[in-house]
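*Asks:* Structure below; questions to follow.
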Amino acid sequence: MHSLVRRYIKTAIGFLMAGLAIGGWMIVQREIWQQYPGPYEVSAHTHAIFVGFVMMMIMGVALWLFPRPERADARYRPALAGAAYWCVTVGTGARVLAELLRTVAGGGWLRWTVVGSGFLQIAGLAIFFHTMWSRIRAVGSQAREAAGERF
């Protein structure tokens with residue numbers, strides 16, 4: 001397993017733990033203190049789980065399992081997959097932290113941090129799937145399909 005793949009998957013697990021901790025905190029607030037979580041806590045929890053864990057895991061596994069790029073493939077570049085990793089990781093981490101800080105502080109800089117980190121997440125996902133697009137291809141399955149094999 002390539003080091004970038006391990007980085008994606010281990011970071012995904014880190015975001016899962018953060019998301020579970022936020023979720024646990026929200027359960028305590030709701031059930032023990034009778035305080036329902038606000039929209040910023042829900043957003044932080046959602047981004048930690050869905051972008052930080054689910055999308056990072058999908059991206060890591062895609063890097064690992066998809067067919068290798070063809071020799072002439074100019075679109076796939078490992079440096080772009082690495083840049084996408086940093087965009088999604090920093091964007092998601094900053095977004096989760098800024099959303100949580102919004103529950104106790106309301107500065108305009110936090111709003112801009114949420115917006116900027118959200119766009120960093122979008123950029124990272126777009127970069128990743130742009131660079132992976134050419135790796136989404138049939139390898140061996142065309143011959144099996146032509147022979148009548150069903151999937």
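*Asks:* Through the Karplus equation 6.51 cos²θ - 1.76 cosθ + 1.60, θ set to phi - 60°, convert the phi angles of region 19-36 into ³J(HN,Hα) values in whole Hz; use x for Gly and Pro.
*Replies:* x, 5, 5, 5, x, x, 4, 5, 5, 4, 4, 6, 8, 8, 9, 6, 10, 6
*Asks:* At a 10 Å Cβ-Cβ cut-off, how would you order W64, W109, fewest neighbours first?
*Replies:* Fewest-to-most ranking of W64, W109: W109, W64.
*Asks:* Could you tell me how many cubic angstrom of Cα convex hull volume the chain has per residue?
*Replies:* Convex hull volume per residue, Cα atoms: 132 Å³.
*Asks:* Under the rule of -39500 (n - 2.57) per DSSP H run of 4 or more residues, summed and divided by the residues of the chain, what mean residue ellipticity at 222 nm is obtained, to the nearest 500 deg cm²/dmol? Present the calculation step by step, with values, prior to reporting the outcome.
*Replies:* Working: 6 runs with 103 residues, N = 151.
That calculation yields -23000 deg cm²/dmol at 222 nm.
*Asks:* A follow-up question, please. Starting from 0.36 nm per residue, how many nanometres of slack lie between I58 and H130 once their C-alpha separation is accounted for?
*Replies:* The I58-H130 span can extend by a further 24.4 nm.
*Asks:* By its C-alpha gyration tensor, with a ≥ b ≥ c as the square roots of the eigenvalues, how is region 54-120 shaped: rounded for a/c under 1.5, else prolate for a/b larger than b/c, else oblate?
*Replies:* Prolate.
*Asks:* Something else: Can you tell me the relative contact order of region 51-125? Whole percent, Cα pairs under 8 Å, sequence separation 6 or more.
*Replies:* It comes to 37 percent, rounded to a whole number.
*Asks:* HN-Hα J couplings of region 69-77 from phi, Karplus 6.51/-1.76/1.60, θ = phi - 60°, integer Hz, Gly and Pro as x?
*Replies:* Whole-Hz 3J(HN,Hα) from phi for region 69-77: x, 5, 4, 8, 5, 8, 6, 6, 9.
*Asks:* Compute the FRET efficiency between E31 and W86 as 1/(1 + (r/R0)^6), taking r as their Cβ-Cβ distance and R0 = 41 Å, and round to the nearest 0.05.
*Replies:* Calculated transfer efficiency: 0.65.
*Asks:* Treating the angle as unsigned and between 0 and 90°, give the value, to the nearest 10°, between the Cα long axis of helix 56-65 and the longest Cα principal axis of the chain.
*Replies:* For helix 56-65, the angle is close to 10 degrees.
*Asks:* For region 86-97, what does the Karplus curve 6.51 cos²θ - 1.76 cosθ + 1.60, with θ = phi - 60°, yield as ³J(HN,Hα) per residue in whole Hz, taken in order and with x for Gly and Pro?
*Replies:* 5, 4, 5, 5, 5, x, 5, x, 5, 5, 4, 5
*Asks:* Taking only Cα atoms, what is the 0 to 90° angle, nearest 10, from helix 108-132's long axis to the longest principal axis of the chain?
*Replies:* It works out to around 10 degrees.
Read the figures in this text as sums done on the coordinates, not as results from a lab. Only a predicted model underlies this, so the values are computations on that prediction, with no experimental measurement involved. Positions of Cβ are backbone-derived with ideal geometry, glycine not excepted, and every protein chain shown enters the neighbour counts.
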